[in-house]
Each structure stands twice: as C-alpha cells, then as structure tokens.
Amino acid sequence: MHPNYTSKFPELAFYGLPGHTRTPRDILNQAKDAEALGIGGIMISERADYKEIAAVCGAVAAVTDSIFISTSGTNLNTRHPVITASMGSTLSSLSQGRFSLGLAKGVKLRWQAMNVDFPTYAREEAFIKLLRQLWRGETVMNHDSELGQYHALQLAHYVDEDIPVLYVGFGPKSLENAGRIYDGAHLHTFMSDQALSNAVASFRAGEAQAHKSGGKLWSVFATACDISDAHYLKLIVARLATYLQIKGYGELLVGVNDWDTEILRKFREAPVVAGMKGAIDSVATLSELESIEKLIPESWRPAAVGNAKTCAQRWVDQFTAGADGIIIHASTPEEFAPVLAEYEAIRPSHLFEGRTNRPG
C-alpha cells in the first residue's frame with residue numbers, strides 16, 4: 001500500500017507545461033516550485049512533439065515527493081490496453097502512489113487522419129474496466145468487446161495498484177457517461193460559471209445512475225495575474241483561439257457556453273486565422289494575436305485576470321459554482337504565487353477538511 005499525501009492546498013492543481021512548449025525540461029522546476037508552495041497536484045497534457053506524456057510524468061515523479069501527478073489527458077485509443085495499464089502501474093509505483101490517469105476522447109477528425117478508431121462510450125467503459133482488472137493483478141482470458149478480442153491479457157499477478165481514472169472533457173452527454181464509470185473529471189478552460197455548474201450536474205446525474213457518489217470535478221481555470229498586454233495575448237487569447245480553431249472542438253466549447261456560432265464562423269474565416277500554418281498558440285506572431293483578439297468577444301474569456309486579489313476571488317467563484325478543485329492553467333507557479341497568498345486569506349477551508357491530494 002502506498003501512503004496518503006496531503007499538501008497545504010489539496011484542492012489546487014496546476015497545468016505543467018501549459019500549452020505549447022519546445023523545452024519540456026521546464027516542467028522539473030515548475031513541479032518543484034508548486035510542491036514548495038503547497039499545491040496538491042500537477043496535470044500534464046500531451047502533444048506529439050515534445051510532450052510525450054509517460055516520459056514527462058516519470059520525470060516529474062523523480063523530482064517530487066508529495067504532489068499528485070495526473071495525465072490530463074492521454075487517449076485510450078492510441079495504445080494497446082496492456083501498454084496503457086503498464087504505464088499506469090509503473091508511474092504509480094515510481095511515484096509511490098501519486099499517479100492518476102486522465103483519459104480524453106479527443107477530436108474525431110484527428111483519429112480518422114491517423115486511422116485510429118474513435119472511442120465510443122462502450123469502448124471507453126470496456127477499456128476502464130480492463131485497466132482496473134489488470135491493476136489488481138488479474139489475468140483476463142478471452143476478452144471480447146468493442147476494444148477487440150484478446151486471448152489473454154495480464155501485467156503480473158503481483159501488481160496491485162489503486163489508480164484513480166479521471167475523464168478529461170466537457171460535453172454534457174460525455175460527462176454524464178463519465179459520472180457512471182470514472183472517479184472524477186477534469187473540465188475545460190474558458191467555461192463560464194454557469195457552464196461549470198451545468199457540467200457538474202451532468203457528472204452527478206451519471207453518478208446517480210450508477211448508484212455512486214464522491215467523484216471530484218476539477219475546473220481548469222486560466223490565471224493571468226498582473227501581466228503585460230503582450231503576455232495576456234499569449235496566455236489567454238492564443239490559448240482560446242487554438243481551441244476555437246479546431247473543427248468540432250471549437251463547436252463544443254461554444255455550445256456548452258451558449259455562445260454565438262456566427263462569431264465562431266467569422267473567426268475561422270478571418271484571413272489571419274484561415275491562413276495560420278499550425279496551432280495558433282504555437283506559431284502566431286504578436287501582431288497576428290493582436291488581430292485575433294479583436295475577433296473574440298471579451299465575454300468569451302472567463303478566466304482569472306487582473307491583480308492578485310481579483311484573481312483569488314475568481315478562484316473562489318469556481319468552488320461556488322460547484323467545482324471540487326481548480327487546475328490553474330496558463331501560469332507557472334512563479335507567476336501565480338501572488339494569487340495564492342491572497343487566496344489563502346479567503347479560502348473556504350471548511351470545504352477541504354480531511355482532504356488528501358488524491359484527485360479522484
């Protein structure tokens with residue numbers, strides 16, 4: 001059995017290497033800085049350039065002692081189930097029980113381009129059930145589901161890992177399904193407080209259907225404290241613009257927030273966006289971001305922006321809207337440290353009594 005871990009702020013996590021990076025080694029100091037501040041978790045997303053998720057999670061485990069390390073997320077359809085299960089058991093053991101697996105569906109068009117099956121709800125449920133069996137050291141014989149047919153699947157009989165599995169996404173139907181089969185969920189950046197409350201309700205409805213409760217819902221909340229206009233464009237505008245840029249993905253974000261689809265259409269058809277050769281947050285110049293900002297209404301940018309006290313209050317607003325935890329996005333620990341000092345003064349501590357860093 002692994003020990004329990006409790007930091008000063010178990011309800012707070014942050015995104016390591018937020019957005020695009022070409023220097024993944026930066027996450028080592030980010031993780032150590034966050035742990036020193038008392039942050040309970042680090043969430044790590046993946047990109048097929050310099051953010052291979054197992055490698056990055058392993059590096060973080062090696063330089064930290066108490067912070068919980070989560071994928072946020074990886075995809076259940078890009079690896080053989082035994083490989084994903086082995087990744088989870090290895091990272092859990094390596095970190096002494098500080099690993100959780102966050103799974104995302106991603107965008108259907110991407111999987112079609114890669115000739116990979118899109119994960120249906122049935123495939124998702126079968127995958128998670130199988131992972132939990134393998135992590136208990138079971139041998140699974142003659143498996144037959146939407147995942148495929150497998151004669152024999154096993155890690156080893158001595159494997160015994162209790163790894164939280166969290167859904168990474170924000171569609172209402174997907175969240176309801178997630179409430180049935182996952183231990184919690186990471187939501188999405190740039191969701192309004194109302195969209196956050198709706199998402200929590202969808203997940204809880206799924207839990208009720210499965211006669212269970214207690215999954216943790218994490219608000220992913222962009223934070224930009226006392227920054228320059230240029231840095232705001234990079235942290236907030238470029239990140240949101242990249243989401244809106246992706247067909248299917250942008251529509252879903254617009255839908256859950258009840259935004260105007262006509263604005264999304266005009267955004268994508270604008271020459272500065274239509275002519276972009278890559279993800280906006282990876283390749284756009286400052287001048288291009290200035291033009292892109294004019295295409296996105298300010299009301300489409302729910303985030304913690306301003307001085308430290310203003311940002312801290314916006315963090316608390318997330319708990320009022322129903323979140324169990326906050327994943328601080330866009331800023332590094334060094335950048336959000338002033339907000340943490342103000343947050344401590346207004347922190348709703350009664351909500352977190354007896355809580356550990358376990359995110360699910």
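Any read-out appearing in this document is the output of simple, stated calculations on the displayed coordinates, not a laboratory observation. Quick caveat, the model's predicted, so the values are computed rather than measured. Here the Cβ is made from the backbone with ideal geometry for all residues, glycine too, and neighbour counts use every protein chain on show.
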Using the alpha-carbon centroid of each, what span in Å lies between region 141-202 and region 311-335?
23
Give, rounded to the nearest 20 debye, the magnitude of the charge dipole that region 229-305 has about its Cα centre when Lys and Arg contribute +1 at Cβ and Asp and Glu contribute -1 at Cβ.
220
For Leu217, residues with placed amide H under 5 Å, excluding near neighbours
Ala185, Asp324, Gly325
What's the angle, to the nearest 10 degrees (0 to 90), between helix 81-94's Cα axis and the longest principal axis of the chain?
80
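Using 1/(1 + (r/R0)^6) with R0 = 35 angstrom and r between the beta carbons of Thr78 and Ile263, what's the FRET efficiency to the nearest 0.05? Can you show the working numbers first?
Values: r = 33 Å, r/R0 = 0.94.
Efficiency at R0 = 35 Å is approximately 0.60.
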Can you give me the C-alpha center-to-center distance between region 21-63 and region 268-304, rounded to a whole angstrom?
27
Nearest-ten-degree value, helix 308-320 long axis tilted from longest Cα axis of the chain
50
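Nearest 20 debye, what's the magnitude of the dipole of the chain about its Cα centre given +1 on Lys and Arg Cβ and -1 on Asp and Glu Cβ? Walk me through the intermediate numbers first.
Working: 34 positive and 40 negative charges, 102 e Å.
It works out to roughly 480 debye.
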Mean Cβ-within-10 Å packing, highest first, puts peptides 29-40, 183-194 in the order 183-194, 29-40
Would you please put 94-100, 154-160 in order of how densely packed they are, using the mean number of other Cβ atoms within 10 angstrom per residue and starting with the highest?
94-100, 154-160
Note down the relative contact order for region 201-360 as a percent, whole number, built from C-alpha pairs under 8 angstrom at least six residues apart.
37
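Can you tell me what share of the DSSP beta bridges in the chain is antiparallel? A percent to the nearest 5 is fine. Each step should come with its number before you reach the end.
On the way: 6 of 39 bridges.
Of all bridge pairs located within the chain, approximately 15 percent are antiparallel.
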Given contacts defined as C-alpha pairs under 8 Å and at least six residues apart, what's the relative contact order of region 229-305, whole-number percent?
41
Find which of Ile246, Gly214, Leu233 sits farthest along the positive direction of the dipole of region 194-254, computed with +1 on the beta-carbon of Lys and Arg, -1 on that of Asp and Glu, about the Cα centre.
Gly214
Let me check against my output: what whole-number percent is the relative contact order of the chain, with C-alpha pairs under 8 Å and at least 6 apart?
20
Sum of -39500 (n - 2.57) over DSSP H runs of 4+, divided by residues of the chain (222 nm, nearest 500)
-13000 deg cm²/dmol
